[in-house]
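The values are calculated or read from the model by the stated rules, or taken from the named source; none is laboratory data. Predicted model only: the values in this text are computed from it and were never measured. Please note: Cβ atoms are built from the backbone with ideal geometry, for glycine as well, and neighbour counts cover all protein chains shown.
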Amino acid sequence: MSKSPRLALATAVLVALAGLSQANAADIVPVIFDAAGTGYNDTTPVAPVGGNPGTTLGEQRRIVANYAASLWGSVLQSNVPVYVGARFTALAPGVLGSAGATAVHANFANAPVASTWYHTALADSIAGIDLRPGFTDISSNFSTAYPFYYGLDGKTPTGQVNFLDVVMHEYAHGLGFSNFETEATGAFLSGVPDIYSAFTYDNTAGKYWTAMTVAERATSGINTGNVVFTGPRATAGAQLLLDKRLYFRASAPAAVAGDYQYGTATFGPAASPANFNGSLALATDGVGTTGDGCEPITSNVVGKVALMDRGNCGFAIKAKNAQNAGASAVVIADNVAGAVAGMSGADPTITIPSVRITLADGNLFKANLPVSLGFVADPVLLQGADSLGRPRLFMPNPVQAGSSGSHYDSVAMPNLLMEPAINDSLRSYYNLDITPALMADIGWKLNTGNAKIGSPRVADCDTGIKAVSEGGLIVGGTVQANNDMCLLSAQTRWGYYSCMQASRDRMLAASLITTTQASKMMTCARRVADNTAFPL
C-alpha cells in the first residue's frame, strides 16, 4: 500500500507536530485511503462529543485516529516515522476493526534475533532506518456497520462501541502484538519464526513455538488455557495488574464436585464469589427448544442459578430472560463439543453474572441436579495467568482465524486491551495495562521520560508527568495527545488554551493527575498558547 503522496488525516501540520511535541515520542502518522465523502472524509454534520471537538463525522473519526497515534507515539520510541494506512470499509459480521503489519523483515541491521520476522514498524525502529520507504507500515480498517462512540472521555453510551479503544487495539496489532503463524495448520510465514512466537510457550508440551514442529504448533493452537506469553516485562505487568484467580466450583453432589473451566460474557457483571453462588436449576420456556431460554422462562429459577443451552438466540437474550424470571446468575451450556469460549452480546440492563461451560459439563450437571455452584478466589494465582504468573494467550478450539494466538486470553480480569473483544471497562486513553510491557519484550523501546508539550514554534515543555508508568498507565501520553488535538483543532490562542483547560478538568475529575501536575501542565500550555500562531 503506497504512502506517496502521504495524506495526513488532519493536515501536513500533523507530521510537524509528531517530531516537536515530545522529544522521546515515536512519530505515528495515520494516512487516509477513504474516498471523498466516505469514512474518515464523511461530511455528515455531528455535534462535538466527549472532548472531541469535531463537527462532522469524518472529522471526529480523524481526531480519534490522530489521538490514538499520539497516545501510542508517546509510549514508544523510534527515530523512524510509522505510517498507518487508515480507512473505513465493510467488514465481516461482528468484526469492529482489523489491522496488521504491511510487511515483515528479518536479518536487518541490529536485529536482536537472527532469522526471525519482525513487524515492519518495529524493524524500522530497531534498524534506525525506513526499511521499506514509500509504503505504509500498518494497514488499519474499521467497520462501517457499527455505531461507534467518538468521544475521548471513556463515557461510552449504551449501545455504542468506544472507537478509541478499537483503534488503540488495532494499532497495537500492527505495531507488534501478533504472530505470523497460521494456527489452523501450525505453519510459520514462509517457514520463518517471528519474534512474538519466540515468547509463545505451551505448558502442556513444555516447548516454545519456535522449538515445535508444524504439527505440534497446530495442536498447541487449540490448547485452550495452556499457552502463555513468557516475556519478562509482560509477566511482571501481569503480577501488578491481574486479579486473583477465580475457580468455578461445584461443591455438591459428590458426583460433580470439583472445579470447571468457564467462559466469560461481555454483558452483565463479572462473575465473582460475591455474586455467583447457589443451586443450579434448569431454565425452561415451554416453547420450541424448551431449554434454550430464548423465550420468557416458565420454570422456577427464582434465587437460583439458571442453566440453559446455547443456540437459537443471543447469549444476552438468554441472560435477560433468566434475570426477568428471578435468577441470581446464569450458566449456558454449549450445544456442540469443544473447549470453553466466551460470550458476546450487549445489554446494559443485565445485572446478573453469566458464564459458559462445555457441552460435556452441561450434560454432567443436568444428570446430577440440583448442583451447588459458586466462585472461589485463589490466594496466590492470577486470573488470566499460569502458575508462574505468565499471561495466557487466546487459544480457542476451534481456531478463530485472525484472533487465535494474537490476543490475551478472554478470561483475564480485569479486562485487558488486547483481549479478543472490546469491553466497556477499557479506558485506553490513559491505561494500556500489560500491552506496553509486551511491546518492550518484543523489542520496542518505551518512553521512560515525562510528557513534554510544545508546538512547531515552541520548544518542548516538561509537564512532570511520566509518559508511561509501571503497570501500563499512560497519563503523560494522555496529556501529549490532548495537546496535539488542541493544537490541530484550535482556531485561536484562547481556543487552544480553553481546550487544554477542558482536558485538565477531565483528567482531574478522573483523578489521573494531581493539582500540582495540573498546574504544571497548564503552565506549559500557557507557554504554547502565547508563542504559537493560530490556526496552525
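Structural remarks
- Against the test of being in contact with a helix residue (DSSP H, G or I) (Cβ under 9 Å, 6 or more places away or on another chain), surrounded by fewer than 21 Cβ atoms within 10 Å (Cβ to Cβ), touching a residue at least 60 places away in the same chain (Cβ under 8 Å) and not hydroxyl-bearing (S, T, Y), the options G384, G389, G374 yield a single qualifying residue, G389.
- Test: residue in region 442-452 that is free of Cβ contacts under 8 Å to residues at least 60 places away in the same chain, under 23 Å from T120 (Cα atoms) and among the polar types (S, T, N, Q): no
- Odd one out for M418, checked against (1) in a loop (DSSP other than H, G, I, E, B); (2) under 20 Å from the mean Cα position of the chain (by Cα); (3) within 16 Å of Y262 (Cα to Cα): (3)
- All positions within region 343-357 that are out of contact with any helix residue (DSSP H, G or I) (no Cβ under 9 Å at 6 or more places or on another chain) and surrounded by fewer than 21 Cβ atoms within 10 Å (Cβ to Cβ): P348
- Test: residue in region 47-61 that is in contact with a Phe, Trp or Tyr (Cβ under 7 Å, 6 or more places away or on another chain), buried (at least 24 other Cβ atoms within 10 Å of the Cβ), closer than 23 Å to F135 by Cα and touching a residue at least 24 places away in the same chain (Cβ under 8 Å): yes
- Region 124-142, subset touching a residue at least 60 places away in the same chain (Cβ under 8 Å) and farther than 18 Å from S178 by Cβ, residue surrounded by the fewest Cβ atoms within 10 Å (Cβ to Cβ): G134
- Some residue of region 486-496 being more than 29 Å from the chain's Cα centre (by Cα) and of a type in the set (F, W, Y): yes
- Scoring L416 on the criteria (1) modelled with pLDDT under 95; (2) closer than 21 Å to G345 by Cβ leaves a single failure, condition (1).
- Flag if S178 is closer than 20 Å to G231 by Cβ and in contact (Cβ under 8 Å) with a residue 60 or more places away in the chain: yes
- Condition met for Q501 (more than 28 Å from G237 (Cα to Cα) and in contact with a Pro (Cβ under 7 Å, 6 or more places away or on another chain)): no
- Qualifying residue in region 446-456 (condition: surrounded by fewer than 22 Cβ atoms within 10 Å (Cβ to Cβ) and modelled with pLDDT of 95 or more): yes
- Residue list for region 65-123, filter: of a type in the set (V, I, T) and touching a residue at least 40 places away in the same chain (Cβ under 8 Å): V75, V80, V82, V84, T89, V95, T102, V104, V113, T116
- Identity of the residue in region 397-413, polar (S, T, N, Q) and closer than 12 Å to G221 by Cα, that ends up modelled with the lowest pLDDT: N397
- Restricting T204, T219 to those that are surrounded by fewer than 16 Cβ atoms within 10 Å (Cβ to Cβ), without any contact (Cβ under 8 Å) to a residue 24 or more places away in the chain, over 22 Å from S115 (Cβ atoms) and of a type outside the set (A, V, I, L, M) reduces the list to T204.
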